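What follows is a single structure, written as structure tokens, with notes after it.
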Amino acid sequence: MALLTDSVTPSLPNTAVDDRLVALSHRHSFEAEQFRRLRHAVEELSATRGLHVIAVTSAVASDGKTLTSVNLACVLAEGRGARVLLIDGDLRRPSVAATLGIVATHGGLLAATSGTGRRLDDYLYRVDGTTLDVLPCERSESATYELLTSPAFRALINNARAAYDFVVVDTPPIVPVPDSKLLSSVVDGYLLVVAANSTPRTLLGEALNLLDDKSVLGIVFNRDARPLFGYYGSYYRRYFKSYARSIDRADG
């Protein structure tokens, strides 16, 4: 089943919350609604196929996989009573904490899999104003193969699966490094983020070849320049009033 969202990550002035995190900073925007469209598709897959643990990856770096992971986790957490965990599984270049403004003062994924005997809850951070829990990766790690294939990591994912309705794992791009593929036995499927007019088709094809067909939940089409809103803005403006003035200026 293919999932396609016309999500956009606009470059807007920085505030306390990164404006590209539209599910937090612009909750009623057109862009945020596209992530809710993706949420609906994920919830349907959960109901029909028992989907709970989702890996988000891309063919290459800078396609927007981390922003997609965070926005998706935020909108999933909007569900009444929903328990959602976001894990930074990009051990080589962890960025979830920085994106959310989290300072991992009491450790993260590496500490949680170090065999200290402490509970997973001891390493979680709550995003202000939400019910979303985050397990950041507190520093970069080179021994990724050993960690991602370890019994401790498998146990962590299994514990998270039992405790949460959804677990979203931000993972490295799949073509340059094997890390994302190593998670295939512990996740229920992959969302592949593709940047419009940026991701080379050959590398997208290679990414799809590296993943089992049945494990690909769908493609998230990212960074298209106002793909629907731009074409049909005059019809949408009554639903997204915060954008009406910018559209009027563009039309004028």
On the basis of being under 21 Å from Leu67 (Cα atoms), surrounded by fewer than 19 Cβ atoms within 10 Å (Cβ to Cβ) and within 18 Å of the chain's Cα centre (by Cα), does Asp165 make the cut? yes
Any chance Arg126 is surrounded by fewer than 17 Cβ atoms within 10 Å (Cβ to Cβ) and either of a type outside the set (S, T, N, Q) or more than 30 Å from Gly205 (Cβ to Cβ) (or both): yes
Extreme residue, surrounded by the fewest Cβ atoms within 10 Å (Cβ to Cβ), among residues of the range 190-207 that are in contact (Cβ under 8 Å) with a residue 40 or more places away in the chain and among the hydroxyl-bearing types (Ser, Thr, Tyr): Ser198
Quick one: what pairs do we get from the range 66-89, first residue under 19 Å from Gln34 (Cβ atoms), second assigned to a loop (DSSP other than H, G, I, E, B) and of a type in the set (Gly, Ala, Ser), C-beta under 7 Å, 6+ apart or different chains? Thr66/Ser95; Leu76/Ala82; Val84/Ala77
Between residues in the range 172-188 that are over 22 Å from Leu51 (Cα atoms) and residues that are surrounded by fewer than 20 Cβ atoms within 10 Å (Cβ to Cβ) and among the hydroxyl-bearing types (Ser, Thr, Tyr), which pairs lie under 9 Å by C-beta distance while being six or more apart or on different chains? Val177/Thr144; Pro178/Thr144; Pro178/Tyr145
Looking across the range 70-101 at residues that are of a type in the set (D, E, K, R), assigned to a loop (DSSP other than H, G, I, E, B) and closer than 24 Å to Pro178 by Cβ, the single one that is nearest to the chain's Cα centre (by Cα) is Asp90
Considering residues of the range 152-202 that are touching a Pro at 6+ places or on another chain (Cβ under 9 Å) and part of a helix (DSSP H, G or I) only, the residue farthest from Phe221 (Cα to Cα): Asp179
Looking at the structure I just gave you, is Gly252 over 22 Å from Ala160 (Cβ atoms), at pLDDT below 80 and surrounded by 11 or more Cβ atoms within 10 Å (Cβ to Cβ)? no
Of the conditions (1) farther than 25 Å from Glu78 by Cβ; (2) over 18 Å from the mean Cα position of the chain (by Cα), Gly129 satisfies every one except a single condition; which number is it? (1)
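The values are calculated or read from the model by the stated rules, or taken from the named source; none is laboratory data. Here the structure is a predicted model, which is why all the values come from computation and not from measurement. FYI the Cβ positions are ideal-geometry reconstructions off the backbone, even for glycines, and counts take in every protein chain you see.
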